1. Just grab the label-to-label distance for Gln143 and Lys53, each label 7 Å out from Cα along the Cβ direction, in nm (one decimal).
2. Lysines near Lys101 by alpha-carbon distance under 22 Å, same-chain residues fewer than 8 away left out - which ones?
3. Through the Karplus equation 6.51 cos²θ - 1.76 cosθ + 1.60, θ set to phi - 60°, convert the phi angles of the stretch 139-156 into ³J(HN,Hα) values in whole Hz; use x for Gly and Pro.
4. Take each of the peptides 219-230, 52-63, average the number of other beta-carbon atoms within 10 Å over its residues, and list them starting from the highest.
5. Which of the three applies to the stretch 138-186, rounded, prolate or oblate, going by the alpha-carbon gyration tensor with a ≥ b ≥ c and a/c under 1.5 meaning rounded?
6. Sorted by average packing, counted as other Cβ atoms within 10 angstrom per residue and highest first, what order do 80-90, 167-177, 27-37 take?
7. With θ taken as phi - 60° and the coefficients 6.51, -1.76 and 1.60, list the Karplus ³J(HN,Hα) couplings across the stretch 175-184 in order, rounded to whole Hz; mark glycine and proline as x.
8. When the dipole is taken about the Cα centre of the stretch 105-235, and only Lys, Arg (+1) and Asp, Glu (-1) are charged at their Cβ, what size is it in debye, to the nearest 20?
Amino acid sequence: MGALCPAPVDPGQIQKQGLTVYGDYFTPETRSIMIMIQMGGIQHEFQPVDQFKGEHKREDYIKLNPTGSLPTLTEGRFLVLGGYVVFLNYLVNHHRPIKEKLYPPEFKQQIDKILLWFQSIMRVCSQRLIRMIIGPQAFGEKQYSQDDIKETLDEFFTQIIAMLDRKLQRYEYLCGDDYTVADIQLYNEIFTVLTLHKKQLESREYPNVFSWYNKLSGIPEIQESNMKFKEIVNKYNLA
C-alpha cells in the first residue's frame, strides 16, 4: 500500500523544493532509498526521524505523514508514502540516473519478480526477526522465547537464504553481472537481521550468497549506510 499525492507546501515554494527524505537509518527501506539516491547522484536533503525517540509520532511529522510510517519522501508538489515498491516506482520514474543505473528496462521483469518474492516471503520472516529484537528492547514488548527465535532463524537460513543461494548460482547478482535495486533491498534486509541477531553467513553452507553479500558490502554507499545503521544499534544497545 502507498500513496503519491500533493504535498502540503506553499505554492510559491514548489519550484524551489528538491527531494527530501524523512527517515531513520535503522529501517532497511530508508537505507535502500538513500543508497539509490546517492548512487544516482541526485541532490537531496535528509531529515532524520528517530523512531526510538518517538519522533515519528510527533505532531509535525504526523502532519506530514498521518500514518507515522518511515520513510516519507517529498519533492515539489509530491508527497510519497507507503512501502519500498512505492518509493522505488517514484524514484525511477522521476530520476533517470537511478532508473538507468539500478532499474534498467531489460531487467524490469526480473527485478519486479524478485521484489514480489521479497515482499511476500522473505520480508515476512525477516521483519518478524527484527521485531523479536527491537520489540522487547526498545518498545517494552514481551520477550520472545529462545525457542521461537531459534525456529524463526532456522526458517530464515534454511528456507530464505537457501532459496537465495540457488538463485545466485548463475550470476554474480540477482539479475545478472551488475547489481540492481533488488540486490540493494535484499542486502539491507539481510544485513539488519544478521547484525541484530549477531549471525554470520557461512561460505560452506551458502557460498553464492556469501560471495554476493561480500561484494555488496564493499560498495562505498552501502558501507556508509551500514555504518550509520550500526551507530543506531550501538546507541540503543540493540545487539
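Derivation of every value follows stated rules applied to the coordinates shown; laboratory data play no part. Remember, it's a predicted structure, so these values are computed and weren't measured experimentally. Positions of Cβ are backbone-derived with ideal geometry, glycine not excepted, and every protein chain shown enters the neighbour counts.
1. 2.9 nm
2. Lys113, Lys167, Lys215
3. Result, ordered by residue: 10, x, 7, 5, 5, 7, 6, 4, 5, 5, 5, 4, 4, 6, 5, 4, 4, 4 Hz.
4. Details: 219-230: 16.5, 52-63: 12.9.
Output ranking for 219-230, 52-63: 219-230, 52-63.
5. On the way: a/c = 7.05, a/b = 2.06, b/c = 3.42.
Since a/c reaches 1.5 but b/c is at least a/b, the shape of the stretch 138-186 is classed as oblate.
6. Top of the packing list down: 27-37, 80-90, 167-177.
7. 10, x, 8, 9, 7, 10, 4, 5, 4, 5
8. Around 240 debye, computed over the stretch 105-235.
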